[in-house]
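Chemist: Before I ask anything, here is the structure I am working with.
The values are calculated or read from the model by the stated rules, or taken from the named source; none is laboratory data. Computed from a prediction, not measured in an experiment: that's the story for all the values here. When we count neighbours, we look across all protein chains shown, and the Cβ atoms used for this are built from the backbone with ideal geometry, even at glycine. For the accessible areas, the whole protein counts, side chains as well, though only heavy atoms, and no ligand, DNA or RNA atoms are used. Shrake-Rupley method; radii C 1.70, N 1.55, O 1.52, S 1.80 Å.
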Amino acid sequence: SRFETCWPALMKDSHGVIIVFNPELPSHLKEIEMWFSCFVQQQPLLDSQCLLVAHHKPGSAGDTENLSLAYPLNKLKLIHSNLEEDPEDVRMEFMKYFKSIITIMNETREREEMSIIS
């Protein structure tokens, strides 16, 4: 990818990674493994800091709802977004994800502060 030189800057101090993909494109299913490896495993971030979003375009087949991903992607939180049918559901899932990231950030900061004190 021509943006690979920018990746270290993008990754620096990141607390979460959201990977959006089209579940109807087999090439995307291969690519998300690479994105996960580069942006999550190499940092390293926890699985809970990564969210997979299978985005369904309007009028798409929709038979990809029961998507089965291979390890290690199958350990990640996966949501299906279909903004025509259920935008509120997607919004709720994003809020839950952001809350979990904030919790992780707070716990990390508290641990760092405690290690400075002790």
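Chemist: Those residues that are out of contact with any helix residue (DSSP H, G or I) (no Cβ under 8 Å at 6 or more places or on another chain) and open to solvent by less than 50 Å² (accessible area, probe 1.4 Å), I need them from segment 65-77; list them, please.
Modeler: Within segment 65-77, Leu67 is the sole residue that qualifies.
Chemist: Turning to a different aspect of this structure: Of all the residues that make up segment 2-46, how many are without any contact (Cβ under 8 Å) to a residue 24 or more places away in the chain, open to solvent by less than 60 Å² (accessible area, probe 1.4 Å) and within 22 Å of Val90 (Cβ to Cβ)?
Modeler: Total meeting the criteria: 2.
Chemist: Now a separate question. Do we find a residue being surrounded by 11 or more Cβ atoms within 10 Å (Cβ to Cβ), assigned to a loop (DSSP other than H, G, I, E, B), in contact with a Leu (Cβ under 8 Å, 6 or more places away or on another chain) and of a type in the set (Ser, Thr, Tyr) anywhere in segment 93-115?
Modeler: no
Chemist: Can you confirm whether Asp86 is under 21 Å from Thr108 (Cα atoms) and among the acidic types (Asp, Glu)?
Modeler: no
Chemist: Oh, and also: Report the residue count in segment 47-64 for those that are open to solvent by 30 Å² or more (accessible area, probe 1.4 Å), touching a residue at least 24 places away in the same chain (Cβ under 8 Å) and under 21 Å from Asn82 (Cα atoms).
Modeler: 5
Chemist: So which residues in segment 81-92 are under 13 Å from Ala54 (Cα atoms), open to solvent by 50 Å² or more (accessible area, probe 1.4 Å) and not in a loop (DSSP other than H, G, I, E, B), if there are any at all?
Modeler: Those that are under 13 Å from Ala54 (Cα atoms), open to solvent by 50 Å² or more (accessible area, probe 1.4 Å) and not in a loop (DSSP other than H, G, I, E, B): none in segment 81-92.
Chemist: Could you tell me which of the residues Ser48, Ser37, Ser81 is touching a strand residue (DSSP E or B) at 6+ places or on another chain (Cβ under 9 Å), closer than 18 Å to Ser14 by Cα and among the small types (Gly, Ala, Ser)?
Modeler: Ser48
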